[in-house]
Amino acid sequence: DASTQAMIKAWFGDTTTTSYKSFRDELNKVDSKVYNVIINSLGGHVGDAMAIHDLLVELQNKGKIVNTIGRGIVASSATFILMAGKAPQMSANSWFMMHTVSGGVFGTVDQVENYAVTMRKFNNSARDLYAVKSGLRKEEVTKLMDAETWLTAKEAKEKGLVSQVDENAKFENLI
């Protein structure tokens with residue numbers, strides 16, 4: 001139902017991808033006061049992730065409650081969706097990964113140069129979002145992104161990227 005999903009299916013055979021359009025369409029089927037968005041994702045298309053982020057922020061601006069909860073791995077552009085919640089949280093066993101944007105291009109020298117300029121804009125936009133959400137200086141965020149940093153949930157909270165870390169799940173053996 002979206003060009004991003006078609007591209008990812010063609011390139012990687014992935015039929016589980018959620019695009020902005022598919023997410024928005026599913027969300028529009030529900031009218032609720034509270035939305036719980038549980039994220040377990042290696043990331044994806046930065047444009048779709050930013051659009052989902054903005055949609056969740058827009059819902060909150062309309063008086064809705066949006067709880068974003070990271071489970072397992074919340075990596076790359078999925079982190080933008082997690083940070084859309086007013087008080088993003090992660091389970092104690094989760095991981096948060098941030099890196100510089102990546103992509104690829106084929107074309108003339110002018111096309112390649114233009115692509116590099118555009119990629120830098122995407123990268124700076126991601127850096128600025130991390131900085132605003134966390135309170136970290138842009139220079140510190142740049143270092144974290146350049147190093148492809150994997151943070152435990154506790155470390156993500158310490159850096160201000162999430163607000164809450166849920167305790168480890170407690171199990172009771174009933175068998």
*Among ILE39, PHE122, MET7, flag the residue with its Cα farthest along the positive direction of the charge dipole of the chain, charges on Cβ as +1 for Lys/Arg and -1 for Asp/Glu.*
ILE39
*asked:* Let me cross-check THR100: its accessible surface, 1.4 Å probe, with only protein heavy atoms counted, in Å² to the nearest 10?
replied: 40
*Please work out how much length the chain gains when fully extended from ALA87 to LYS138, using 0.36 nm per residue of separation minus the C-alpha to C-alpha distance, in nm with one decimal.*
16.2 nm
*What residues have an amide H closer than 5 Å to that of TRP95, excluding those fewer than 5 places away on the same chain, when H is modeled at 1.01 Å from N in the peptide plane?*
GLY72, ILE73, VAL74
*Can you give the calculated 222 nm mean residue ellipticity of the chain, where each DSSP H run of n ≥ 4 adds -39,500 (n - 2.57) and the sum is split over every residue, rounded to the nearest 500 deg cm²/dmol?*
-14000 deg cm²/dmol
*Which value, in Å² and to the nearest 10, is the accessible area of ARG71 when all protein chains are kept and the probe is 1.4 Å?*
90
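Dipole size in debye (nearest 20) for region 42-161 around its Cα centre, Lys and Arg Cβ +1, Asp and Glu Cβ -1? Before the final figure, lay out the partial values.
Values: 14 positive and 12 negative charges, 107 e Å.
Here the size comes out at about 520 debye.
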*Restricting to the chain, compute how many DSSP beta bridges are antiparallel as a %, nearest 5.*
20
*Counting GluC sites (Glu not before Pro) as exposed when in a DSSP loop with at most 16 other beta carbons within 10 Å, what is the longest stretch of the chain free of them?*
1-147
*Between LYS9 and VAL117, take the C-beta separation as r, use R0 = 30 Å, and let me know the FRET efficiency to the nearest 0.05.*
0.55
*Surface accessible to a 1.4 Å probe, per residue, for the residues of region 18-133, Å²*: 54
*Name the longest site-free stretch of the chain, where the excluded sites are chymotrypsin sites (Phe, Trp or Tyr not before Pro) in a DSSP loop with no more than 16 other beta-carbon atoms within 10 Å.*
1-105
*Write down the radius of gyration of region 90-175 and its Dmax, each obtained from C-alpha positions, in Å.*
17.9, 66
_Positive-end residue of GLY103, VAL165, TRP150, charge dipole of region 71-166 with Cβ unit charges_ = VAL165
_Euclidean distance of C-alpha centroids, region 71-85 and region 105-122, integer Å_ = 27
*P(r) of the chain over all Cα-Cα pairs, binned every 10 Å from zero, in whole percent*: 10, 34, 35, 17, 4, 1, 0
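May I ask for the net charge around ARG127, where only other residues with Cβ less than 15 Å from the Cβ of ARG127 are counted and Lys, Arg are +1 while Asp, Glu are -1?
Neighbour charge sum, excluding ARG127 itself: +2.
The values are calculated or read from the model by the stated rules, or taken from the named source; none is laboratory data. Being a predicted model, the structure only gives us computed values, none of them experimental. We place every Cβ from the backbone using ideal geometry, glycine too, and count neighbours over all the protein chains shown. Calculation scope for accessible area: heavy atoms of the full protein, side chains included, ligands and nucleic acids excluded. Shrake-Rupley method; radii C 1.70, N 1.55, O 1.52, S 1.80 Å.
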